[in-house]
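The values are calculated or read from the model by the stated rules, or taken from the named source; none is laboratory data. The structure displayed is predicted, hence computed values, not measured ones. Glycine also receives a Cβ, built like all others from the backbone with ideal geometry; neighbour counts cover every protein chain displayed. Just so you know, the surface numbers come from the protein's heavy atoms only, side chains and all, with ligands and any DNA or RNA stripped out. Shrake-Rupley method; radii C 1.70, N 1.55, O 1.52, S 1.80 Å.
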Amino acid sequence: MLGEFMEQDDQLSSSETASRKASDTTQGTNGLVIQVENVTKAFLTPDQGTMVALQEINLDVPYGEFVTVVGPSGCGKSTLLKLIAGLTPLSGGRILYQGSEVQGLNTKVGYVPQESKLFPWLTLEENVAFGLDSKRYSRQEREHQLRHFINLAGLSGFEKYYPAQLSGGMGKRASIIRALAYEPPVILMDEPFGPLDAQTRMVLQDELLKIWEQKRQTIVFVTHDLVEAVALADRVVVMTHRPANVKDVIQVPMDRPRNIFEIHRQEGFDEAYGRLWNIFRHELNIKR
Amino acid sequence: MAQETSQEQTRSAGAAVAASQAGGFLWKRGLWVTFLRVAIIGGFLLLWEIASGNWIEPFLISSPSRILASMVTGFRSGDLIQHSWVTLQEIAIGFPVGVFLGIGLGYAFGRSQLLAEIFEPIIIALNGIPRTALAPLFIVWLGIGIWSKVGVVFLLTFFLNFFNTYAGMRQMDQEYIDLARLMGAKRWKLTFKVILPAISPYVFTGIRTSIPFSVIGAIVGEFVAATEGVGYFIRQAAGLFRTADVFVGIIVLMLIVIAMDKIAELIERRALQWQARADHVTIQG
């Protein structure tokens, strides 16, 4: 059914998508924002061979879900995000975003890269405002969005600072609110807390959840940290070694809002973490 | 979060204290450096003055006092001002045109793979030509007036700016472009808010290294054939063994280069204020 209207022109399919989205939210079924269907991605290696990074991956993400993706390093988790964002072409299969196939750049997602990647030549304020397009946001709205998110991230007073003058944690926060500020329905995060120390990491996880509770956008969050994966997610997607595939999907039965600092004591954590660890242990054994 | 912020503030306050303590030390050190510098230059000039006429013939090396006298008469008569004015005009036209076209083409090569593939070998081949050797040809094409010199200035400036800008484009971090495009940046915004600022350190390196070369271009052109200009002035003075005047010409050229570099430095400071400046790398061992 999706394949049919994909063939039609853009206008039609987008109106169809809109109506589909509306009906989905009322029915609560099939309300998917991202559909990854049989996606394969192969790279050319320097010696003219091919290396299959992702093999026939399938993944559905409903609206408003917080999904984390875990897997051994180098298994193609980041590649999956790049494919959803349309930053790199597929080798096979297709990805539907809000019901239409991703072709070229997907400007309806926010992207938080591994390193902060704030534009070093813009001030914190200018960085956060970068996605607030003047056609979509009036000057007042722009100003309001900016204040709101800068306050939320505890960065007020640092508006005029350049990224080189900010600490690692502050840069990270700025990088996240830069992606949130223009309100894309989906935010892709590629190990954003990877290089941070344990304390800052927890503080930022806590802040991220608090910010997320307000709007509940869809988040696809790649990480290699199992605790982080369980603590943040509604659902954890486990990927295998290269060529990567989806090994398993685990529901995390914990209530929200969650307390990151005492996540171990929360009901449901042990169960989810235990299941995740079992799968991982298996995966490690195979490797040996 | 609040805790972390206050930690950060404490840290920066500590840094400020350390900086002010170092400030006193740096100030004294700065004074000492200036003193030594003046002493070395003064000593050199004194030695020169004594050597001239006593150990070495004045017509070979002139002397600081003679050079100063020549300079005063040169400027008083208006002669030197006229020559400097002509040379400045040649640079003022050739240099900015070379800078803008060089940056523009470097940018275009960076944006268009096809353009780069077609023209890169050609540009590299052209760059292999010792460009000052083309000066006589420019005289033949454009006459002995200022335009032939403008051409040489342009040629020397253009290539340096082109290569530096193109190098900047090639090392540009793709992730910045991807992020900007995901955030909806289109052509104009992508060019002026992302790409140009990202490559600006390279662009400024190009501009600043091309400053002395633009002056060299003008002088070489004037050496070959001219009726006016500082290069002409120097050549004529040397032909008549008026060594003091040769030095006067050289000093004028030096002042032109220093003035241009200072202006470029000011602009660069403003444009690149976002860069954390590390003036000296310390190697401990």
Requested in this report: Return the distance in nm (one decimal) between the two label points of a simple spin-label model at B:Gln273 and B:Ser77, each offset 7 Å from Cα along Cα→Cβ.
Outcome: 4.8
Query raised in the report: Which value results when the Cα radius of gyration for the stretch B:139-269 is divided by 2.2 N^0.38 Å?
Result: 1.43
**Report entry** Buried accessible area, chains A and B (both chains, 1.4 Å probe, Å² to nearest 100)
**Finding:** 2500
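In percent, what relative contact order does chain A have, based on Cα pairs under 8 Å that are 6 or more apart in sequence?
22
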Query raised in the report: How much accessible surface area, in Å² rounded to 10, belongs to the heavy atoms of A:Lys41 with a 1.4 Å probe?
Result: 10
Requested in this report: Give me the lysines in straight-line cross-link reach of B:Lys189: C-alpha distance below 27 Å, same-chain residues under 8 apart excluded.
Outcome: A:Lys82, A:Lys108, A:Lys117, A:Lys135, A:Lys160, A:Lys172
Requested in this report: May I ask you to list, by number, the DSSP H helices of chain B whose Cα span along the axis is at least 27 Å and whose average Kyte-Doolittle hydropathy reaches 0.0 or more?
Outcome: B:2-54, B:79-111, B:146-171, B:196-224, B:243-271
**Report entry** In Å², nearest 10: area of A:Lys215 left accessible to a 1.4 Å probe
**Finding:** 110
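How big is D for the stretch A:115-184, in µm² s⁻¹ as a whole number, if Stokes-Einstein is applied with the Kirkwood radius of its Cα pairs at 20 °C and 1.002 mPa s?
Details: Rh = 11.8 Å.
Answer, rounded: 182 µm²/s.
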Query - Cα-only Debye scattering, the protein assembly as shown: base-10 log of I(q)/I(0) at q = 0.08 Å⁻¹ - result: -0.76
Report task. Given the options A:Glu65, A:Glu213, A:Glu115, state which has the largest fluctuation in a GNM of chain A using a 10 Å cut-off (strictly under) for Cα springs. Result -> A:Glu213
**Report entry** Cα pair distances exceeding 29 angstrom across chain B, given as percent
**Finding:** 55
Report summary line: Beyond 20 Å, the calculated P(r) of the stretch B:126-199 holds a percent of Cα-Cα pairs equal to 52
Query - Equivalent ellipsoid semi-axes, the stretch A:177-228, via Cα gyration tensor eigenvalues times 5, rooted, Å - result: 19, 12, 10
Query raised in the report: Dividing the convex hull volume of the alpha carbon atoms of chain A by its residue count, what do you get in Å³ per residue?
Result: 159
Query raised in the report: Considering only the other residues whose Cβ falls under 13 Å of the Cβ of A:Ala179, what net charge follows from Lys and Arg at +1 and Asp and Glu at -1?
Result: +3
Query raised in the report: With heavy atoms of protein chains only and a 1.4 Å probe, what residues of the stretch A:103-139 have at least 40 Å² less accessible area in the full set of chains than alone?
Result: A:Leu105, A:Tyr111, A:Lys117, A:Phe119, A:Pro120, A:Trp121, A:Phe130
Query raised in the report: Given q = 0.17, 0.22, 0.23 Å⁻¹, what are the Debye log10 I(q)/I(0) values for the stretch A:56-153, with equal point scatterers placed on the Cα positions and solvent ignored?
Result: -1.01, -1.26, -1.30
Report summary line: A 1.4 Å probe over the protein heavy atoms gives the protein assembly as shown a carbon and sulfur accessible-area percentage of 60
**Report entry** Largest-first principal axis extents of the Cα set of the stretch B:63-193 (Å)
**Finding:** 65, 32, 26
